[in-house]
Amino acid sequence: MRLEPLLPDRTPQRGGRWNDHRQVIDGILWRTRTCSPWRDVPSCYGDFRTLHGRHRRWSADGTWERVLAALQADSDPGEDIEWAVAIDSTVVRAHQHAAGARHEPPKDVPAEVLAPLLPAPVPPPAAAEPAGHTGGSVE
């Protein structure tokens with residue numbers, strides 16, 4: 001497997017040995033391809049909580065970026081091509097359960113990974129009164 005050197009060790013610091021990376025990657029790709037909720041991933045790929053946890057962990061630690069960079073380098077040897085991703089926004093919809101999502105970033109993802117994804121802080125509103133206005137009202 002060409003991706004194996006790019007993936008984390010299958011023996012984590014705590015807990016038992018991880019499931020086979022191939023099975024987990026297939027499950028994550030199935031879920032991505034079908035746009036289904038994590039709970040709907042077929043059981044042949046393993047427990048959906050395992051798939052979700054591994055996907056989040058690999059997104060946070062840069063594993064997916066390394067895999068993408070390696071695949072891009074292998075596909076175009078010697079060529080300097082800029083890759084782009086296009087999304088058709090007419091078919092992107094939030095699930096009904098997306099309402100009321102948490103408003104603070106997850107604590108298990110490093111801040112430097114989240115920085116490009118978080119919205120810029122909103123500055124306080126500027127004063128609406130013209131300069132020299134004392135704040136009183138005229139009746």
* Asked: If you scan the range 30-56, which residues turn out to be surrounded by fewer than 12 Cβ atoms within 10 Å (Cβ to Cβ) and part of a helix (DSSP H, G or I)?
  -> 32, 33, 34, 39, 40, 43, 44, 49
* Asked: Within the set of pairs 6 or more residues apart or between chains, which connect a residue that is at pLDDT 75 or above and among the acidic types (Asp, Glu) inside the range 7-27 to a residue that is surrounded by 10 or more Cβ atoms within 10 Å (Cβ to Cβ) and not in a loop (DSSP other than H, G, I, E, B) with Cβ atoms less than 9 Å apart?
  -> 26/45
* To do: Return the residue satisfying two criteria in turn: it lies in the range 31-53 and is over 16 Å from the mean Cα position of the chain (by Cα) and of a type in the set (A, V, I, L, M, F, W, C), and of such residues it is nearest to residue 8 (Cα to Cα).
  => 48
* To do: For residue 139, state whether it is out of contact with any Leu (no Cβ under 9 Å at 6 or more places or on another chain), loosely packed, with under 10 Cβ neighbours inside 10 Å, modelled with pLDDT under 65 and at negative phi.
  => yes
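The values are calculated or read from the model by the stated rules, or taken from the named source; none is laboratory data. Keep in mind the model is a prediction, meaning the values are calculated, not measured. All Cβ positions, glycine included, derive from the backbone under ideal geometry; neighbour counts span all protein chains shown.
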